[in-house]
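The structure under discussion appears below in the form of structure tokens.
The values are calculated or read from the model by the stated rules, or taken from the named source; none is laboratory data. Values in this document were obtained by computation on a predicted structure and should not be read as measured data. Cβ placement follows ideal geometry from the backbone for every residue including glycine, while neighbour counts extend to all protein chains displayed. Side chains included, ligands, DNA and RNA excluded: accessible areas come from the protein's heavy atoms. Shrake-Rupley method; radii C 1.70, N 1.55, O 1.52, S 1.80 Å.
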Amino acid sequence: KSADGKLYGVHADAVVREAGRLTIMTDPSLTSIVKTQIGVKQVDAGAASRGENAAAANTWEFSGTSGQLVVQIKPVEPRLLVTHHAQYVFRDDELRLKSVLKYDVERAGVFQLTLKAPESLTIDSVSADGMSEFNIDKGSGKITLSLTQKRMGAIEVTVQSHQAFDASADNAEMELPTLIPEGVERETGVVTAYAPEFLDVITVDEKLVGLFPSRDVAIEKLPRLRSIASWNFTRRPVALFV
């Protein structure tokens, strides 16, 4: 009951004292956020009563009718974790990039995934388990993958792309392009680079950002190519110049 006498809920009339519990139960896809809490005390749902469902989301106890509890109900936001493996291969006239992103979707499902590609990168193919289609916005470089159904758990995405490169240029310096998964809480990954024997590729160490040499990663052997180096990263931004 508010100060002006307005009743919120059902209460016993003409009693000396009233005490009780308020329990809010939500669908797994929803979450409740307390906005205002006056005259009520939150208690453990399981310990509140043996006769009640211990899975109740939130339970409060009150004494009297002047308490106030305001909650906001909204959909649970998905939590995306990504392990990203980026493989660069230098050729005569192009740099090829193969990105394998292993998503772990928690708390709520997703219908689509989005990635950001630099303007210099041309996307050749996009594949993923459970993907219905993908679209590329050339203006923003945004890649949107639509899934056949709402998905949780593991989702693996593979993107093949390339960028123009002149192997005959002398002492040319370039930044290696990278795909950035959007809307993720945490991204860790491994970067490996390969080149043919005739091409001398050297990393510009003073321009490395967010990368450190990997020691425990098994380097895949590619025919007629030598491994330049391998790095790990645990957060963005990442920059690699050669």
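At a glance:
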read-out: Lysines with Cα under 18 Å of residue 98, excluding same-chain neighbours fewer than 8 positions away; value: 116, 142, 221
read-out: Once exposed loop GluC sites (Glu not before Pro) are cut out (DSSP; at most 15 other Cβ, 10 Å), longest piece of the chain; value: 53-118
read-out: Per-residue [θ]222 nm for the chain (sum of -39500 (n - 2.57) over DSSP H runs n ≥ 4, rounded to 500); value: 0 deg cm²/dmol
read-out: Separation in nanometres of the label points that stand 7 Å from Cα toward Cβ, at residue 68 and residue 36; value: 0.3 nm
read-out: GNM result for the chain, Cα springs below 10 Å: residue of 100, 126, 43 fluctuating most strongly; value: 43
read-out: Of 124, 170, 137, the one that fluctuates the most in a GNM where the chain has Cα springs shorter than 10 Å; value: 170
read-out: FRET efficiency for residue 216 and residue 127, using Cβ-Cβ distance with R0 set to 30 Å, rounded to 0.05; value: 0.60
read-out: With at most 15 other Cβ atoms within 10 Å, longest stretch of the chain clear of loop chymotrypsin sites (Phe, Trp or Tyr not before Pro) (DSSP); value: 9-197
read-out: Label-point separation in nm, residue 112 to residue 25, each point 7 Å along Cα→Cβ; value: 3.6 nm
read-out: Inter-site label distance for residue 135 and residue 198 at 7 Å from Cα along Cβ, in nm; value: 4.4 nm
read-out: Residue among 38, 73, 123 with the largest mean-square fluctuation in a Gaussian network model of the chain, springs linking Cα atoms under 10 Å; value: 38
read-out: Amide proton proximity set for residue 94, modelled H, under 5 Å, gap of 5+; value: 165
read-out: Cα centroid separation, the range 107-144 to the range 169-226 (Å); value: 22 Å
read-out: Per residue accessible area of the chain, 1.4 Å probe, in Å²; value: 61 Å²
